[in-house]
1. Can you name every residue in region 380-418 that is in a loop (DSSP other than H, G, I, E, B), among the charged types (D, E, K, R) and touching a strand residue (DSSP E or B) at 6+ places or on another chain (Cβ under 8 Å)?
2. Test each condition in (1) out of contact with any helix residue (DSSP H, G or I) (no Cβ under 8 Å at 6 or more places or on another chain); (2) touching a residue at least 60 places away in the same chain (Cβ under 8 Å) for Cys376 and report the one that comes out false.
3. How many residues, within region 162-216, are of a type in the set (Val, Ile, Thr), closer than 21 Å to Arg236 by Cα and assigned to a loop (DSSP other than H, G, I, E, B)?
4. Scan (1) open to solvent by 10 Å² or more (accessible area, probe 1.4 Å); (2) more than 27 Å from Ala113 (Cβ to Cβ); (3) touching a residue at least 40 places away in the same chain (Cβ under 8 Å) for the single condition Met185 breaks and write down its number.
5. Would you please name the residue that is least open to solvent (accessible area, probe 1.4 Å), looking only at residues in region 19-66 that are of a type in the set (Lys, Arg) and closer than 19 Å to Asp370 by Cα?
6. Residues to consider are Leu89, Leu76; find the one that is surrounded by 15 or more Cβ atoms within 10 Å (Cβ to Cβ) and hydrophobic (A, V, I, L, M, F, W, C).
7. Among (1) surrounded by fewer than 24 Cβ atoms within 10 Å (Cβ to Cβ); (2) in contact with an Asp or Glu (Cβ under 8 Å, 6 or more places away or on another chain); (3) under 30 Å from Ile17 (Cα atoms), where does Met322 come up short?
8. Given Arg137, Arg115, Arg124, Arg156, which one is part of a strand (DSSP E or B) and either open to solvent by 50 Å² or more (accessible area, probe 1.4 Å) or of a type outside the set (Ser, Thr, Tyr) (or both)?
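The values are calculated or read from the model by the stated rules, or taken from the named source; none is laboratory data. Just so it is clear, the model here is predicted, and its values are computed rather than measured. Positions of Cβ are backbone-derived with ideal geometry, glycine not excepted, and every protein chain shown enters the neighbour counts. Surface accessibility is based on the protein's heavy atoms, side chains included, excluding ligands, DNA and RNA. Shrake-Rupley method; radii C 1.70, N 1.55, O 1.52, S 1.80 Å.
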Amino acid sequence: MDLIIRGANLPDGRTGIDIGIVGERIAAVERHLPAKAAREIDAHGRLVSPPFVDAHFHMDATLSLGLPRMNKSGTLLEGIQLWGELKPLLTAEAVIERALAYCDWAVARGLLAIRSHVDICDPRLLAVDALLEVKRRVKPYIDLQLVAFPQDGYYRSQGAVKQLEVALDRGVDVVGGIPHFERTMADGAASVRALCEIAARRGLMVDMHCDETDDPLSRHVETLAYETTRLGLQGRVTGSHLTSMHSMDNYYASKLIALMAEAELNAIANPLINIVIQGRHDTYPKRRGMTRVPELMKAGLTVAFGHDCVMDPWYSMGSGDMLEVAHMGVHVGQMTSLDSMRACFAAVTENAAKILGLDGYGLAPGCFADMVVLQCADPIEAIRLKATRLQVIRRGKVVAETPAAVTRLDLPSRPQSVEFTRPLATVSNA
């Protein structure tokens, strides 16, 4: 074989597993694999996971922090205003350079698949063309999926109706929308209908910024569920953000979640951004803003987490770390049961991969040999530590390596180093 990972723990709980790789594919996943390879990596009881997947991002704006000025209020609306000021100043070269730099960060973090929304409201479609070029360049190491996103409103922004179709013609993968940003609720509902019809006609997926507001009466996801069922798009449609659900009364939410499940909608929450952007008009108590993740999961929806923003007009922090996203999701959603914490890990791996429709994703024979060796024993510890990515493997080749995070100590009668991982042996309370 070309590469073997020895003694790995897997996210499903299996331990002591060897993963054999031939070429770009996984050839074997079993204990004590009786084979040799050109290179072997001793995982030694550490977690080996499929790569991280970011189901919701804005790569056209990433790393543009401070251009043309800072978002002093830190609010969503000032961020949108700032992006409107920056768009006329964008150059293709600058967008490509920043996006490629972010993709370098992503690979180092074991993030090998990203769904990025790209603003189509610029008549030049500059960001569209720039990210299509980025997609071409990073294809050997990142699966980049693009969403045609009418940032300023499908009907509200002059020219967006035509420009969205042109973006799709040029090769953008997914139909996007932002119904709550239209001028009226009626226009928002009409945009959902029109955009879903475009997706049905073209055979594409849908991913809409939907109800990203504290207003409990913003209910465009209800329309999205209806249009999904009407047009037979079940499983192909995603509602992103859905933060108004955090503020809805429980009776209506119970009806809505059932409708969403019936339509087989996917849902994407963005914990880092939702907790920062939402509740800005509240004094105390302040709303958390993140959608009803545990309830949506319980109803059978595929739920993923996205990073959304990194160092852009809306968010001045971030580094492409999907474990940081999962860590925030655990806390904001109060998802601290063992099953819930594992579900948060799935929200940045297998659930996100399912929403993107990634081919050959996973740790089974025949899957692409894409994986991450982490300095931890299991998914919960990975989230707790935001664990170091020791090796990142893409199509059977190690594309990034990071030394283990170890702190040396000089303390009397104590160990010489600490890694912050849970000790293998525990003291009995008996």
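1. Narrowing region 380-418 to residues in a loop (DSSP other than H, G, I, E, B): 386-388, 395-396, 402-406, 409-416.
Those still in the list that are among the charged types (D, E, K, R) too: 386, 395, 410, 414.
Hit for region 380-418 is Arg395, nothing else.
2. (1)
3. The number of residues fulfilling the criteria is 2.
4. With respect to (1) open to solvent by 10 Å² or more (accessible area, probe 1.4 Å); (2) more than 27 Å from Ala113 (Cβ to Cβ); (3) touching a residue at least 40 places away in the same chain (Cβ under 8 Å), Met185 is out only on (3).
5. The selected residue is Arg46.
6. Leu76
7. Among (1) surrounded by fewer than 24 Cβ atoms within 10 Å (Cβ to Cβ); (2) in contact with an Asp or Glu (Cβ under 8 Å, 6 or more places away or on another chain); (3) under 30 Å from Ile17 (Cα atoms), the lone unmet condition for Met322 is (1).
8. The match here is Arg115.
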